[in-house]
1. GLN189 versus (1) in contact (Cβ under 8 Å) with a residue 60 or more places away in the chain; (2) touching a His at 6+ places or on another chain (Cβ under 9 Å); (3) part of a loop (DSSP other than H, G, I, E, B): which is the lone unmet condition?
2. Pull up the range 61-72, narrow it to residues that are under 21 Å from HIS138 (Cα atoms) and not small (Gly, Ala, Ser), then point me to the one that is surrounded by the fewest Cβ atoms within 10 Å (Cβ to Cβ).
3. Say we look at the range 33-47 and pick out the residues that are of a type outside the set (Lys, Arg) and assigned to a loop (DSSP other than H, G, I, E, B); which of these is nearest to ASN80 (Cα to Cα)?
4. Could you grab me the full set of residues in the range 237-256 that are among the hydrophobic types (A, V, I, L, M, F, W, C) and either closer than 12 Å to GLY217 by Cα or buried (at least 17 other Cβ atoms within 10 Å of the Cβ) (or both)?
5. Note down all Cβ pairs under 6 Å where the first residue falls in the range 226-239 and is closer than 24 Å to ILE108 by Cβ and without any contact (Cβ under 8 Å) to a residue 40 or more places away in the chain, the second is assigned to a loop (DSSP other than H, G, I, E, B) and aromatic (Phe, Trp, Tyr), and they're at least six residues apart or on different chains.
6. Which one of the conditions (1) more than 13 Å from the chain's Cα centre (by Cα); (2) among the polar types (S, T, N, Q); (3) surrounded by 22 or more Cβ atoms within 10 Å (Cβ to Cβ) does GLN105 fail to meet, given that it meets all the rest?
7. Within the range 197-205, does at least one residue satisfy the condition of being at pLDDT below 85, over 17 Å from ILE106 (Cβ atoms) and exposed (fewer than 15 other Cβ atoms within 10 Å of the Cβ)?
8. Taking the criterion of being assigned to a loop (DSSP other than H, G, I, E, B) and modelled with pLDDT of 95 or more, would at least one residue in the range 1-22 satisfy it?
Amino acid sequence: MKKIIFTSFVVLLATLAASTIEASHSWKTYHWARTVNPFTLKLGDNVSSIWDPYLSTTSADWSVSQVLKTSIMPGLGGKNCKPVLGRVEVCNRKYGNNGWLGIAQIWINGGHIVQGVTKMNDTYFNIPKYNNPNEKLHVICQEIGHTFGLDHQSEDGSSQNSCMDYFSNTGANATNPASTHPNTHDYEQLESIYAHLETFTTVRSSTTSASALEPDGENPATWGKIIRESKNKKTSVFERDLGKGNKIFTFVTWAE
């Protein structure tokens, strides 16, 4: 009887540990302040018609969440994808041979996200290696996910069947649709991040951009210090401290 109880206890601990590992991929405690759940976060559409279907799919995917919905709105970021308070601007263009395939940036004030941008680099997406629907969907889904406060589920290249992992939908995997959508653990993590409410909100629509806080998204030299890098050096996180509780985090997916 004791052996059976002990074995069951070990199995229970293993199950709980696995669940914790899989469902714990928030980025510190950063999140959007809001007074109700679910809340709706506006995604500014600054992308070309080629990217519009991927943005639409990603918006619908994340809106399955019980706590967070997204709404695609006309973009306010312009050619340079300037951030806009209270929303996320989504952009693409040829940003040059600067090494990155996609980036997400979030601006933090007092521990809360106040604005965000995501950028897809067509300099690389226009070449055969990356120019396929699965890789595009994987990257845009992940970069937008970062602007909610999500981190990667995995960085070892394996597929967790989540766009928040670092599986590569290129080469022999170009036709593989794995890791192109959020999975159950992504939604669970969002519920954990947004379990509590605030008495104020940072989610709003504004035509006032915080350009004074904007680093040059095309130039890694302006992103501040690197604070984390995956073992395979395919993903990095940079932090730029602006003082008085204001920070910018840049999540980078590097081209191979």
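1. (3)
2. VAL64
3. In this case the residue turns out to be VAL47.
4. The first filter runs over the range 237-256 and keeps only residues among the hydrophobic types (A, V, I, L, M, F, W, C), leaving 237-238, 242, 248-249, 251-252, 254-255.
Matches in the range 237-256: VAL237, PHE238, ILE248, PHE249, PHE251, VAL252, TRP254, ALA255.
5. As it stands, the answer is PHE238/TRP223, since those pairs meet every condition given.
6. Against the list (1) more than 13 Å from the chain's Cα centre (by Cα); (2) among the polar types (S, T, N, Q); (3) surrounded by 22 or more Cβ atoms within 10 Å (Cβ to Cβ), GLN105 comes up short only on (1).
7. Of the range 197-205, the ones at pLDDT below 85 are 204-205.
Still in the running and over 17 Å from ILE106 (Cβ atoms): 205.
From what is left, the residues that are exposed (fewer than 15 other Cβ atoms within 10 Å of the Cβ) are 205.
Yes, there is a match, as at least one residue in the range 197-205 is at pLDDT below 85, over 17 Å from ILE106 (Cβ atoms) and exposed (fewer than 15 other Cβ atoms within 10 Å of the Cβ).
8. Scanning the range 1-22, I find no residue that is assigned to a loop (DSSP other than H, G, I, E, B) and modelled with pLDDT of 95 or more, so the answer is no.
The values are calculated or read from the model by the stated rules, or taken from the named source; none is laboratory data. Given the structure is predicted, the values throughout are model-derived calculations rather than measurements. Reconstructed Cβ throughout: ideal geometry from the backbone, glycine too, with neighbour counts over all protein chains shown.
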